[in-house]
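The values are calculated or read from the model by the stated rules, or taken from the named source; none is laboratory data. Everything quoted here is computed from the prediction, not taken from an experiment. Using ideal geometry, Cβ is built from the backbone for each residue, glycine included, and neighbour counts are taken over all protein chains shown. When the accessible area is computed, the model is the full protein with side chains, heavy atoms only, and any ligands, DNA or RNA have been set aside. Shrake-Rupley method; radii C 1.70, N 1.55, O 1.52, S 1.80 Å.
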Amino acid sequence: MRPSILYAAILLLASAALTAGQNPTMLGHPEDYPRVDVEHGARLYAEHCDRCHGANGNGVSGVDLRSGKFRNATTDQQLRTVITNGFPTAGMPAFKFDPADLTGLVAYLRNMNSIDRGSLRAGNAAHGQTVLETKGACLSCHRINDKGSRKGPNLSDIGANRSAGSLERSLTDPSSQMWPINRPIRIVTRDGRVINGRRLNEDTYTVQIADEEGRLLSLNKAELREFTVSTKSTMPSYKEELTSEELADVVSYLLTLKGQ
Ligand code: HEC
Ligand code: HEC
């Protein structure tokens, strides 16, 4: 290996180790978990886990969920596996939670020790839907089931994959959560037509976009004069626009959107 390549490889390894160490999903410190995830997890826990583990986490003999130490799991990923597989012979059923729900449950387990469930505010999904459809005017850009526009991504199953914490950040700082595929693009065709839109799909020769009117277009790259991808979201931030309670309610509603 040439020294410069070796050096680059070492740098890469070092930075990978650094990001792994900073990744809250590996560390498990209570403060690493967004409040909205903890709240979402607390609701799921009350619904699915209370009946065996109890409100204080000590309902199963030999298991103390509040202690923060688990016999069968150290990392968050292992906790997700424990919850997903259960212990069928010992009496814990397997659960079919999607990634967003697992993120919430792990966040709650990591915070059970320090959080009084009575103090958690349960987000009001029904009120969240009203805010989304009226004050937030989200359907002017987004589609949910059979309502709304195609300008922004379809949100009909957003609650299955995106955690509460990342949904909240999508609303207060949209660019920070933007997926590369959703990046806004500006196109100038050979005949001088300017098209702004959102990238849906791209391969070597073509690009598919939803334009500002929500129309779907497929363009041949060879026929474009200009093709620029931006990393700044065109979605407005709702940080000042909505109160923190309205934001929490909208997140609660988005979490109920799990597709079919
Ligand atoms: C029907 C009863 C029951 C339900 C419901 C249940 N559990 Fe369990 N759980 C158990 C039993 C029993 C064990 C102990 C298994 C063993 O000791 O091998 C266990 C173990 C665990 C462990 C491992 C503890 C350790 O020290 O390694 C975790 C974590 C856990 N449960 C989380 C949950 C979560 C989260 C939920 C709700 C989504 C849940 N459980 C629902 C009965 C249940
Ligand atoms: C002016 C148009 C516009 C409005 C209004 C708007 N959005 Fe968006 N939104 C977008 C665009 C474009 C994206 C894709 C780029 C991005 O991720 O930032 C997006 C992305 C998102 C995402 C991430 C989707 C994903 O697949 O990762 C969520 C969640 C979201 N918006 C929710 C909302 C909610 C809730 C509201 C109302 C409170 C809202 N948006 C209002 C245009 C808009």
In nm, what is the difference between 0.36 nm times the number of residues separating Ser175 and Phe97 and their Cα-Cα distance?
25.3 nm
From largest accessible area down, sort Glu226, Glu47; use a 1.4 Å probe on the protein chains.
Glu47, Glu226
Give the relative contact order (percent, whole number) for the stretch 180-229; include only Cα pairs under 8 Å separated by 6+ residues.
38
Testing the spin-label approximation: label points 7 Å from Cα along Cα→Cβ at Ala90 and His29. State their distance in nm.
2.9
Within the accessible area of the stretch 180-229 (1.4 Å probe), percent carbon and sulfur
47
Among the listed pairs Lys135/Lys239; Lys96/Lys258; Lys151/Lys232; Lys147/Lys258, which are separated by more than 19 Å between their Cα atoms?
none
Expressed as a whole-number percentage, the relative contact order of the stretch 23-119 with C-alpha contacts under 8 angstrom and at least six residues apart is 39
Beyond 18 Å, what share of the Cα-Cα pairs of the stretch 23-119 remains, rounded to the nearest whole percent?
39
Counting other Cβ atoms within 10 Å, which chymotrypsin sites (Phe, Trp or Tyr not before Pro) in the stretch 158-260 have at most 14 and lie in a DSSP loop?
Tyr205
For the stretch 162-177, 3J(HN,Hα) per residue [Karplus equation, 6.51 cos²θ - 1.76 cosθ + 1.60, θ = phi - 60°, Hz, x = Gly/Pro]:
8, 6, 4, x, 6, 5, 4, 5, 4, 7, 9, 8, x, 5, 5, 10
Theoretical FRET efficiency, 1/(1+(r/R0)^6), r = Cβ-Cβ of Asn196 and Arg51, R0 45 Å, to 0.05:
0.30
The answer for the net charge of residues other than Ser244 whose Cβ lies under 13 angstrom from its Cβ, with Lys and Arg +1 and Asp and Glu -1, is -4
Using a probe radius of 1.4 Å on heavy atoms only, what accessible surface per residue do you get for the chain? Whole Å² is fine.
58
When a/c reaches 1.5 or more, the comparison of a/b and b/c decides; with that in mind, is the stretch 120-260 rounded, prolate or oblate per its Cα gyration tensor?
prolate
For the pair Ser149 and Glu245, the simple spin-label estimate (label points 7 Å beyond Cα toward Cβ) gives in nm 3.0
Filtering trypsin sites (Lys or Arg not before Pro) in the stretch 161-214 by DSSP loop and by at most 16 other Cβ atoms within 10 Å leaves Arg190, Arg193
Phi-derived 3J(HN,Hα) across the stretch 69-78 with the Karplus relation (6.51, -1.76, 1.60, θ = phi - 60°), rounded Hz, x for Gly and Pro, is 10, 10, 5, 9, 7, 10, 8, 4, 4, 5
Sequence order, the stretch 240-253: Karplus ³J(HN,Hα) from phi using 6.51 cos²θ - 1.76 cosθ + 1.60, θ = phi - 60°, Hz rounded, Gly and Pro as x, gives 8, 5, 10, 6, 5, 5, 4, 4, 4, 5, 5, 4, 4, 5
